[in-house]
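Everything below concerns the one structure shown next.
The values are calculated or read from the model by the stated rules, or taken from the named source; none is laboratory data. Here the structure is a predicted model, which is why all the values come from computation and not from measurement. Here the Cβ positions follow ideal geometry from the backbone for every residue, glycine too, while neighbour counts run over all protein chains shown.
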Amino acid sequence: MPTHDEIKDALKQVIDAEVGINIVDLGLVYGIEQKEDGVKVLMTMTTRSCPLGELITRQAENVIRQKFPQLTSVSAEIVWDPPWNPSMMSPSAKAQLGG
């Protein structure tokens with residue numbers, strides 16, 4: 001079973017195309033639930049109207065499946081609570097966006 005950190009590192013391969021920063025550094029990944037045979041990622045988008053939600057969740061699932069083929073269950077779910085805000089970004093993401 002991959003560790004929480006290994007899954008998080010894999011998710012850094014998923015880039016939000018609108019801003020060019022990975023979803024982990026953007027603060028879009030809220031949680032990683034590990035089960036006996038799989039992983040569930042709880043994540044959000046910067047806004048409810050983000051047109052990339054389905055694409056990004058699919059990419060997150062695909063990256064995890066490719067990196068950890070032994071997992072039989074992989075899912076990414078969008079949640080809206082708490083609402084995303086810029087303070088959730090990593091210092092490097094803030095710097096890339098001029099903050």
The chain: helices (runs of 4 or more DSSP H) wholly inside it with 3 or more residues that are among the aliphatic types (A, V, I, L, M) and either surrounded by 12 or more Cβ atoms within 10 Å (Cβ to Cβ) or modelled with pLDDT under 95 (or both) are 4-11, 53-67
Here the qualifying pairs (Cβ atoms under 7 Å; residues six or more apart or on different chains; first in segment 41-68 and at negative phi; second in a helix (DSSP H, G or I) and modelled with pLDDT under 95) come out as 45/53
| request: Please work out if residue 27 is without any contact (Cβ under 8 Å) to a residue 24 or more places away in the chain, out of contact with any His (no Cβ under 8 Å at 6 or more places or on another chain) and closer than 17 Å to residue 4 by Cβ. | output: no
